[in-house]
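Q: Sending over a structure as structure tokens; questions will come in a sec.
None of the figures in this text is laboratory data; all of them are computed from the coordinates on show. Keep in mind the model is a prediction, meaning the values are calculated, not measured. Ideal geometry is used to build each Cβ from the backbone, glycine not excepted, and the neighbour counts take in all protein chains shown.
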Amino acid sequence: MSNEIETAQSKAEAILDNVEQVIIGKREVIELAVIALISKGHLLIEDAPGVGKTILARSLAKSLGCSFKRIQFTPDMLPSDITGVSIYDQKTGEFQFFPGPVMAQIVLADEINRATPKLQSALLECMEEGQITIDGVTREMPHPFHILATQNPIEYEGTFRLPETQLDRFLMRISLGYPSVSDEISIMNQQQYQHPIKNLQPVASSADLEMLQEVVKGIYVDDLIKQYIVNLVGATRHHPAIFLGASPRGSLALYRTAQAKALICGRDYVLPDDVKALAEPVLAHRLITRTDSTDGKSGRDIVTKIIELVPVPSA
């Protein structure tokens, strides 16, 4: 293992350990969240209310020491509420731009699916292009720039389904799930006097995050692994229960996240197991299942089955 990989892995481990002080018993989920950030991607955290979605996003932001803004989405919000506005200044005779909360390095988009599709679509340009256009003027987003969005399941009251084009912009979708009995007791003991996030300190900087994002690009991916990724993604396009499979954006996402997984494990090369571990959180939310399908399987179920069926290419 090279010194560069060792240094990067050590920094990633520090972030993981720091977040785990707040999010008890969810090491694998925290690792997925860190992988998304290292891979220069946006993260969607979907689960029932009260399981720690917002706290996970806040813990990641505090651990990274980046500029941070939180947007609480509601049905009555306007696009300018998040992007910012230009106001005419009578003294100078010019328009002055007041940036919205989306102009930060880490943006917590809390309960994103409580906003209308019109507002959600306002995020598309900044998520994909790293810029935002307001009143005909294009402004660059800060670097690094990541949206950590939380949402309740769509069957909950007052929620809207995210447009497929926006879902595809999220590198990964993860779920926390309920804690075990022992972990839930630990959570109660931990929060007896105050929430542990109040004492959480940064263990990395925005420069460290950008360093991780550069190092991960150098992780070796064999041609056979690339073929395996393409085969997995291709299988989603021909599955009888899927109306629309994953696009090449899904292949690229699986490629980059597998590199990040290898980095966190201290390797400078990707294994098939890295790809398998990330296929469901990277691909499932990109699939549109057929409404006339009788098996009732979700995107997660289908990806799990595809992993079982698609063989790993051999030399």
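Q: Can you put Lys69, Lys305 in order of Cβ neighbours within 10 angstrom, beginning with the fewest?
A: Lys305, Lys69
Q: Something else about it: For the chain, set up a GNM with springs between Cα atoms under 10 Å and report which of Asn189, Asn113, Asn231 has the largest fluctuation.
A: In the Gaussian network model the winner is Asn189.
Q: Same structure again: Viscosity 0.890 mPa s, temperature 25 °C: give me the Stokes-Einstein translational D for the stretch 26-177 in µm²/s, with Rh taken as the Kirkwood radius over C-alpha pairs.
A: 154 µm²/s
Q: Over what distance in Å are the Cα centres of the stretch 159-222 and the stretch 62-138 separated?
A: Taking the Cα centre of the stretch 62-138 as reference, the centre of the stretch 159-222 is 22 Å away.
Q: Would you compute, for the Cα atoms of the stretch 144-283, the largest minus smallest coordinate along each principal axis and list the three values in descending order, in whole Å?
A: If we take the Cα atoms of the stretch 144-283, the spans are 53, 41, 31 Å.
Q: At q = 0.14, 0.20, 0.23, 0.24 Å⁻¹, what base-10 log of I(q)/I(0) does the Debye formula yield for the stretch 1-67 when every alpha carbon is treated as an equal point scatterer in vacuo?
A: Each listed q corresponds, in turn, to -0.42, -0.82, -1.05, -1.13.
Q: What per residue convex hull volume, in Å³, comes out for the stretch 222-315 when only alpha-carbon positions are used?
A: 83 Å³
Q: Another question, if that's okay. Work from the charge dipole of the stretch 105-180 (Cβ charges, +1 for Lys and Arg, -1 for Asp and Glu, about the Cα centre) and give the residue of Met141, Gly177, Asn113 farthest towards its positive end.
A: Among Met141, Gly177, Asn113, the one farthest towards the positive end of the dipole of the stretch 105-180 is Gly177.
Q: How about the stretch 115-203: which chymotrypsin sites (Phe, Trp or Tyr not before Pro) there are in a DSSP loop, with at most 12 other Cβ atoms within 10 Å of their Cβ?
A: Sites meeting the loop and neighbour criteria: Tyr193.
Q: Assigning unit charges at the beta carbon (Lys, Arg +1; Asp, Glu -1) and nothing else, what dipole magnitude in debye, to the nearest 20, does the chain show about its Cα centre?
A: 180 debye
Q: Now, a different point. With a 10 Å Cβ neighbour count serving as the proxy for reagent exposure, in which order, fewest first, do Glu111, Glu308 appear?
A: Going from least to most buried by this count: Glu308, Glu111.
Q: What are the semi-axes of the equivalent ellipsoid of the chain, taken as the square roots of 5 times the eigenvalues of the Cα gyration tensor, listed largest first and rounded to whole Å?
A: 31, 25, 22
Q: If amide hydrogens are placed 1.01 Å from N in the peptide plane, which non-local residues have theirs closer than 5 Å to the one on Arg70?
A: Leu108
Q: Now, a different point. Could you run the Karplus curve 6.51 cos²θ - 1.76 cosθ + 1.60 with θ = phi - 60° over the stretch 61-72 and give me ³J(HN,Hα) per residue in whole Hz, x for Gly and Pro?
A: 4, 5, 5, 8, x, 8, 5, 9, 9, 10, 10, 8
Q: Structure shown: which of Lys261/Lys305; Lys53/Lys261; Lys198/Lys276; Lys40/Lys118; Lys26/Lys118; Lys40/Lys297 lie over 27 Å apart, alpha-carbon to alpha-carbon?
A: Exceeds cut-off: Lys198/Lys276; Lys26/Lys118; Lys40/Lys297.
Q: Please build a GNM for the chain, connecting alpha carbons under 10 Å apart, and tell me which residue among Gly25, Gly84, Gly93 fluctuates the most.
A: Evaluated over the chain, the most mobile residue of the options is Gly93.
Q: Same structure again: Sorted from fewest to most neighbouring beta carbons within 10 Å, what does the list Phe73, Phe97 look like?
A: Going from sparsest to densest Cβ surroundings: Phe97, Phe73.
Q: Where does the chain land at 222 nm, in deg cm²/dmol rounded to the nearest 500, when only DSSP H runs of n ≥ 4 count, each adding -39500 (n - 2.57), divided by all residues?
A: -12500 deg cm²/dmol
Q: Specify which residue in the list Leu212, Gln227, Asn199 is farthest towards the positive end of the charge dipole of the chain, using unit charges on the beta carbon of Lys, Arg (+1) and Asp, Glu (-1), about the Cα centre.
A: Gln227
Q: Show log10 I(q)/I(0) for the stretch 142-217 at q = 0.12 Å⁻¹, two decimals, from a solvent-free Debye sum over equal Cα scatterers.
A: -0.67
Q: Can you find, among Ile5, Ala279, Pro79, the residue sitting farthest towards the positive end of the charge dipole of the chain, where Lys and Arg contribute +1 and Asp and Glu -1 at Cβ?
A: It is Pro79, whose Cα lies furthest towards the positive end.
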